[in-house]
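Below: the structure, in structure tokens.
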Amino acid sequence: MKKLTSAEEDIMQILWKLNKGFIKDILEQIPDPKPPYTTVLSVIRVLEKKEFVSHTQFGNTYEYYPLIAKEDYAGEHFNHFLSGYFNNSFPKMAAFFARENNLTMGELEEIMRLTQQELNQSNTENNG
């Protein structure tokens, strides 16, 4: 899967949030100062060429929607991040973020609780 530029990723974040939308809908979600309509349209067209986005035509207008799920994109690029910066060691990465963000014991316990919840759910789905 191709890596997105910062501008492309910003637009994808909006489309993932909206599920679908016209350029005007996307522009409404961008904080000020907003880029020109044509800039957003150009980014959308690049995303279509990269096969991240498609559209449905309504007369002269187009409604855009993501072809790639946010979780799929995040998962693939997270794995590259983990291997590139932490030698595929999730514990090293977790320790780094705990240190860099001055996490409290309560926050670390919450991370462990959420992780256990995800693992339990994943096991239930795989075994059910």
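The table below lists the values:
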| quantity | calculated |
| --- | --- |
| Whether segment 60-105 is rounded, prolate or oblate, judged on the alpha carbon gyration tensor where a/c under 1.5 counts as rounded | prolate |
| Given charges at beta-carbon only (K, R positive; D, E negative), |dipole| of the chain in Debye | 380 |
| Segment 14-39 residues near the modelled ALA7 label - backbone nitrogen below 14 Å, point 7 Å along Cα→Cβ | 34-39 |
| Signed unit charges on C-beta, dipole axis of the chain, positive-most listed residue PHE78, THR104, ILE11 | ILE11 |
| Segment 44-128 pair-distance distribution - Cα-Cα, 5 Å bins, rounded % | 3, 11, 11, 15, 17, 11, 11, 10, 6, 4, 1, 0 |
| Fluctuation leader among THR115, THR56, THR39 - the chain, Gaussian network, Cα springs under 10 angstrom | THR115 |
| Whole-Hz ³J(HN,Hα) from phi, Karplus 6.51 cos²θ - 1.76 cosθ + 1.60, for segment 49-56, glycine and proline x | 5, 7, 6, 9, 9, 9, 8, 10 |
| The chain, accessible surface, carbon-and-sulfur percent (1.4 angstrom probe) | 54 |
| Amide hydrogen neighbours beyond the local backbone of VAL53, cut-off 5 Å, H modeled | GLU48, LEU67 |
| Cut-off under 5 Å, modelled amide H: who pairs with PHE22 long-range | TYR64 |
| Taking only Cα atoms of segment 21-68, radius of gyration then Dmax in Å | 10.7, 30 |
| Candidate lysines - alpha carbon under 24 Å from LYS49, same-chain residues fewer than 8 apart omitted | LYS2, LYS3, LYS17, LYS20, LYS24, LYS34, LYS70 |
| Rounded FRET efficiency, nearest 0.05, which uses the C-beta distance separating PHE58 from ASN101 and R0 of 30 Å | 0.10 |
| Helix 105-127 vs. the chain, principal-axis angle (Cα, 0 to 90°, nearest 10) | 70 |
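The values are calculated or read from the model by the stated rules, or taken from the named source; none is laboratory data. A quick note: this is a predicted structure, and the numbers were derived from the prediction, not measured. FYI the Cβ positions are ideal-geometry reconstructions off the backbone, even for glycines, and counts take in every protein chain you see. Areas reflect the complete protein model, heavy atoms only, side chains present, ligands, DNA and RNA absent. Shrake-Rupley method; radii C 1.70, N 1.55, O 1.52, S 1.80 Å.
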